[in-house]
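Chemist: One structure is given below, represented as structure tokens, and several questions about it will come after.
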Amino acid sequence: MKPTADTPLKDFNRAIVLRPLATAGESIRDGEARLLEAVGLAQALGLDVTHAEAPPLRQISPRTYLGGGRVERLKERAEETGAGVVVIDAPLSPVQQRNLETDIGAKVVDRTGLILEIFGLRARTKEGKLQVELARQGYERSRLVRTWTHLERQRGGLGKTGGPGETQIELDRRIIADRILKLKRELEDVRRTRGLQRRARSRAGLPAVVLVGYTNAGKSTLFNRLTQAGVLAKDMLFATLDPTARQVKLPSGRAVIMSDTVGFISDLPHELVEAFRATLEAVTEADLLVHVRDIAHPETDKQKADVLGVLAQLAKDAGGKTPPVLEAWNKIDLLDDATREGRLRRAQTAAEQGQGSALPPVAISAETGEGVDSLLAAIDRAAFSATRVITLTLAPDDAGRVRAQIAAAGKVLDEQTDDDGVITLRAELLVEDAARFAPLEPLPEEPKQAAE
């Protein structure tokens, strides 16, 4: 197939993947890890990667990003392997992308374009499709140069004399701008709906627990185990995209609303962060974040740093603070015995010695279920750390007024009324609110005696 600017990646079968290695700012090990990730992204689209490498890059070429010799070798390699796509795991300008396609004779896609293609295939809900389309329109707006010379022709003006009119590229840019405004309005409606849903959950007294983590860390597998939601879970980058929320019962009998989110990744494209703002708001407004880490991955610490970086940026954009974070060290079943025992000891030591605001990690296997009960118990403690369950006995004269105050401040869990009109209730309140009602806890015997 002869590549064109508009040919979708799904219509190709074979690909070459390059991760240019900037020797000044990236180690060889980092480059190799990122290369493996880029290969995984290409494979997530069903592409057969025939060749992958992380070549050193001494200087970025304004024309093609890569040096002339590297471009020539890519052309030869593409012809030898029959690869119709060349993935460059780097940010390419529209001109660089166009020139590379011309010189290599194959479709060229950069990191952002590759991730957008994956998101386009994974989106299933209306919201997900809107968000992907918004990101794609923002990405393509700067790439109209890729459609070459026909965009320079002009449309005639009004009247017989005409005029300079509007070039096709200007028209297309205006169309895209109008489309972006329409998508943002639709997503704003989604955002308002989410806000109403969050307020409803807040009134019901259900804390919001959100799963976050690097893509392919096992969030969806864990979410399915905890909620039986049936979310797609595969050993594949960005296997799921659309967020899902379910109620989860905790060991104490209390419940939380748990949500899965899109996986994070290093150098998450700005277009995606902006487009998925409505979804990622759930992260900043959560009562607790469960950071699911692939503890068996050789780059697990770097993945953690990438996730925390995205969380910090989201918190900054929202003008708030990052919610408490509980780490779930997933995939311990993939570790050898010695490493596994070491990880478990680290988690146990952190649990025994943890002090201050840091929450001790919990080692789990979402695949086998090991440690999941301990994780639920940890979520139970963390999600309700700011609340206290108290039992109150209210005299008939005060019962209506005080019960209304308690219901407004927290959640009434259970209540009973005896024959004398005395109400005994259990309520869950914030610690400071519980302190206000604490003097009411002792049983008032006088009203009963007076009644007798």
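Chemist: So in segment 295-320, with the set limited to residues that are of a type outside the set (A, V, I, L, M) and in contact with a helix residue (DSSP H, G or I) (Cβ under 6 Å, 6 or more places away or on another chain), which one is farthest from residue 207 (Cα to Cα)?
Modeler: 299
Chemist: Against the definition (assigned to a strand (DSSP E or B) and at pLDDT below 75), how does residue 426 come out, yes or no?
Modeler: Details: assigned to a strand (DSSP E or B): yes; at pLDDT below 75: no.
Taking the combined requirement at face value, the residue does not satisfy it.
Chemist: Criterion first (at negative phi, modelled with pLDDT under 75, touching a strand residue (DSSP E or B) at 6+ places or on another chain (Cβ under 8 Å) and open to solvent by less than 40 Å² (accessible area, probe 1.4 Å)) does residue 383 satisfy it?
Modeler: On the way: at negative phi: yes; modelled with pLDDT under 75: no; touching a strand residue (DSSP E or B) at 6+ places or on another chain (Cβ under 8 Å): yes; open to solvent by less than 40 Å² (accessible area, probe 1.4 Å): yes.
Considered against the rule, which asks whether it is at negative phi, modelled with pLDDT under 75, touching a strand residue (DSSP E or B) at 6+ places or on another chain (Cβ under 8 Å) and open to solvent by less than 40 Å² (accessible area, probe 1.4 Å), residue 383 comes out as no.
Residues checked against (1) open to solvent by 50 Å² or more (accessible area, probe 1.4 Å); (2) assigned to a helix (DSSP H, G or I):
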residue	(1), (2)
34	no, yes
37	no, yes
40	no, yes
43	yes, yes
46	yes, no
51	no, no
63	yes, no
69	no, yes
72	yes, yes
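Chemist: Quick one: residue 184 ticks every box in (1) open to solvent by 80 Å² or more (accessible area, probe 1.4 Å); (2) closer than 30 Å to residue 306 by Cβ; (3) modelled with pLDDT under 80 except a single one, so which number is it?
Modeler: (3)
Chemist: Of the numbered conditions (1) open to solvent by less than 10 Å² (accessible area, probe 1.4 Å); (2) touching a residue at least 60 places away in the same chain (Cβ under 8 Å), residue 117 fails exactly one; give the number of that condition.
Modeler: (1)
Chemist: What's the number of the only condition in (1) of a type in the set (A, V, I, L, M, F, W, C); (2) at pLDDT 80 or above; (3) open to solvent by less than 30 Å² (accessible area, probe 1.4 Å) that residue 334 fails to meet?
Modeler: (3)
Chemist: I would also like to ask the following. I'd like to verify a number: residues in segment 95-129 that are closer than 17 Å to residue 61 by Cα and of a type in the set (Phe, Trp, Tyr), how many?
Modeler: Applying the first criterion (closer than 17 Å to residue 61 by Cα) to segment 95-129 yields 95-104, 108-110.
Next cut, of a type in the set (Phe, Trp, Tyr) only: none.
Number of matching residues: 0.
Chemist: What is the number of the single condition among (1) under 24 Å from residue 256 (Cα atoms); (2) in contact with a Leu (Cβ under 8 Å, 6 or more places away or on another chain); (3) modelled with pLDDT of 90 or more that residue 369 does not meet?
Modeler: (2)
Chemist: Consider residue 357 against the criteria (1) at pLDDT 80 or above; (2) under 25 Å from residue 257 (Cβ atoms); (3) loosely packed, with under 14 Cβ neighbours inside 10 Å: it satisfies all of them except one. Which criterion is unmet?
Modeler: (1)
The values are calculated or read from the model by the stated rules, or taken from the named source; none is laboratory data. Keep in mind it's a predicted model, so treat the numbers as computed, not measured. Methodologically, a virtual Cβ is constructed for each residue, glycine included, from the backbone with ideal geometry; neighbour enumeration extends over all protein chains shown. These area figures cover heavy atoms from the full protein model, side chains too; ligands, DNA and RNA do not enter into them. Shrake-Rupley method; radii C 1.70, N 1.55, O 1.52, S 1.80 Å.
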